[in-house]
1. Please go through region 395-415 and give me each residue that is of a type in the set (D, E, K, R) and either closer than 14 Å to Lys11 by Cβ or within 13 Å of the ligand (Cβ to nearest atom) (or both), ordered by number.
2. Would you be able to tell me the number of residues in region 496-506 that are in a helix (DSSP H, G or I) and surrounded by fewer than 22 Cβ atoms within 10 Å (Cβ to Cβ)?
3. Look at region 616-658 and say how many of its residues are among the basic types (Lys, Arg) and part of a loop (DSSP other than H, G, I, E, B).
4. All but one of (1) within 9 Å of the ligand (Cβ to nearest atom); (2) assigned to a strand (DSSP E or B) hold for Met392; which doesn't?
5. Among the strands (runs of 3 or more DSSP E) confined wholly to region 507-615, which include 1 or more residues that are open to solvent by less than 20 Å² (accessible area, probe 1.4 Å) and within 16 Å of the ligand (Cβ to nearest atom)?
6. Residues in region 197-249 that are open to solvent by less than 20 Å² (accessible area, probe 1.4 Å) and on the phi > 0 side of the Ramachandran plot: how many?
7. Applying the selection to region 353-378, what residues are in a loop (DSSP other than H, G, I, E, B) and either over 15 Å from Tyr408 (Cα atoms) or within 16 Å of the ligand (Cβ to nearest atom) (or both)?
8. Consider only pairs whose beta carbons are under 9 Å apart and that are at least six residues apart or on different chains; among these, list those whose first residue lies in region 13-27 and is touching a residue at least 12 places away in the same chain (Cβ under 8 Å) and whose second residue is open to solvent by 80 Å² or more (accessible area, probe 1.4 Å).
Amino acid sequence: MSVTWALPFDKKIKPKIGENNVIDEKTYSEIHEKTVKNYKEFWEEVASQLEWFRHWDKVLDESSPPFYKWFVGGEINASYLTLDRHYNSWRRNKVAIIWEGEPVDEKGNPKEVKQLTYSDLYREVNRVSYMLKEKLGLRKGDTITIYLPMIPELPIFMLAAARLGIVFTVVFSGFSSDALATRMNDAEAKVLITADGGWRRGKVIDLKGIADKALEKTPSIKKVIVVRRIGNGVRMNEGRDIYYDEIMSDIPHNAYVEPERLKSEDPLYILYTSGTTGKPKGIVHDIGGYMTLLHGTMKWVFDVRDEDVYWCTADIGWVTGHSYIVFGPLMEGVTGIIYEGAVDYPQPDRWASIIERYKVSILYTSPTAIRSFMKYGEEWVKKHDMTSVRLMHSVGEPINPEAFEWFYNQVGRNEIPFGSTWWMTETGGIMISNLPGYLMIPMKPGSNGMPIPGLEADVLDDNGNPAKLEERGYLVLKNPWPGMPLTIYKDPERYVKVYWSKFPGIFYAGDYAVKDRDGYFWILGRADEVIKVSGHRLGTYELESALIEHPSVAEAAVVGVSDPIKGEVPVAFVILKQGYNADDNLVKEIINTVREKVGPIATIDKLYFVSKLPKTRSGKIMRRVVRAVTMNSEVGDITTLEDEASVDEIRKAIQEFK
Ligand code: PRX
């Protein structure tokens, strides 16, 4: 659990902008309660604001919980909702995406900016759908993997797949070969879309090289499409690999592919996410429920309007990007920004220059980004006019009140709505948040606010009773919601076990949380062994598996410890095999192995050598204990520990660390 600061339960701020619309929390709770009581009717009303090919017969199929199905009988298409609707309206020539590449010229201006109108996007997506269907023979229900940097082709491929009912799985371009291979294999993807590279902090990430390594162990992939981003002439495997521009060269510019009439409960995508144990879980999202949730939250949380310029700084490779860069904003017809690179490259004010350049009015970013801007200092912020911003939110990890207040002051001018939206890959969209576009309550720095309408959330103690107010418990969601997972891909039992068994019949999020006396939620961080590095979700399993692939490593345990900027960082405890010397070179080598296998986001912050690890009598590593010792906090109950000396070992290793 990463929260190391005090929670200011009593501090309330009323944003000046929209002040007259701020209601007190009691009034919101009363209105909210009504939406929850009749949540099916409530969500039905939201869903009816979308365009369906066929109206549903039943709002919610509850015949086989927790495998709920929303809007059964309804027919829908996410590509149609995001493109055709706007193409057939006055928005046709409205800018859908402003894309900015990372490289800058000698004056510091971006070298490449592309603007795609809704019509451009519509055409390109149609052409790609045509190619996927006619040239690659892909059909509804097939699966593809997309491993691309933040370039326009990434949303284009997602939308082209969605048009045909091809299930796509995007793998974040900061993951490396093992992580990519595991995900392609689990999804049994037939095609991989990648690039000849991507820019990150002025360096080229060799995506194709990484993909080639992964492809050595992914027999299901028959074709690889390579987008030229860098133009560096990568190795192409004859018969298997083809450049995007080449395969597209003879596709007519006006190719049209009829959007499939898909069932509401058909899968839209699989997104892998790390959990407590075992390999990453393929979270499967539906179409009808998911798009309904996104529609509601785009309005309530972001209050989107046609004149807005919207920027979500996340990477599309994570759920935030899926929902709030691609499907949500495009469905609402917003002009959105996609920025390719690091927000502090080549200078710490790159992000601020983007806001100024495009007059961003809605900003969605992360606590880690905010803390890093804070560290660089306000002189970088002051260089830019950011008065266009009228609303902002953060996401991905708890935000410390200090960072909240700093950003509120620096960018929010102490007057605009600002919040911390809680949700997760599994929920599909925002669940607990301030709602400036619906009913705004006073903001509390560091708090997430209250559950969105139509959703009942609570904080429970170990026995499943509501936790005492202002005391820590477990966050749960008590009624089904549109956007919830269909299942874990190919593993429905695991879906039940992980999310619906701790408290039978209700969704267990895996987070610690506190509810205060006013009914505000404060999500404190993971209650399990998931690590949040800069808001990115990493499981201990993947990191430990990578560690033990190094020939010197016999056993390994990884835990997340607090970090002032990144929220958490992974540290590793390693038992060496006999014959290996615990020296600096070996440390570097082992850390590199993890970077190579899982990715640079999985950089181990510190590596300690020990001769034992705290284990239960049945041999399970007690990471909770390792973590407590590392953080110098209470070790708690260790009655199940096999050998208490192992705790001292960890302590000693930390003390001796140079
Ligand atoms: O621990 C919570 C944290 O991020 C986890 C979900 O991670 P992921 O599936 O990668 O999705 C991240 C983006 C939606 C949660 O279990 N988390 C997310 N948002 C917040 C948060 N913790 C506190 N406050 C938030 N606003």
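The values are calculated or read from the model by the stated rules, or taken from the named source; none is laboratory data. The shown structure was predicted, so the numbers you read here are calculated from the model rather than taken from an experiment. Here the Cβ positions follow ideal geometry from the backbone for every residue, glycine too, while neighbour counts run over all protein chains shown. Note: areas computed on protein heavy atoms with side chains; ligands, DNA, RNA excluded. Shrake-Rupley method; radii C 1.70, N 1.55, O 1.52, S 1.80 Å.
1. Glu397, Glu402, Glu405
2. The qualifying residues number 4.
3. Of the residues in region 616-658, 3 are among the basic types (Lys, Arg) and part of a loop (DSSP other than H, G, I, E, B).
4. (1)
5. By residue number, 507-515, 521-526, 531-533, 536-538, 553-563, 567-576.
6. Final tally of qualifying residues: 1.
7. Result: Lys359, Val360, Ser366.
8. Val22/Lys14; Glu25/Lys12
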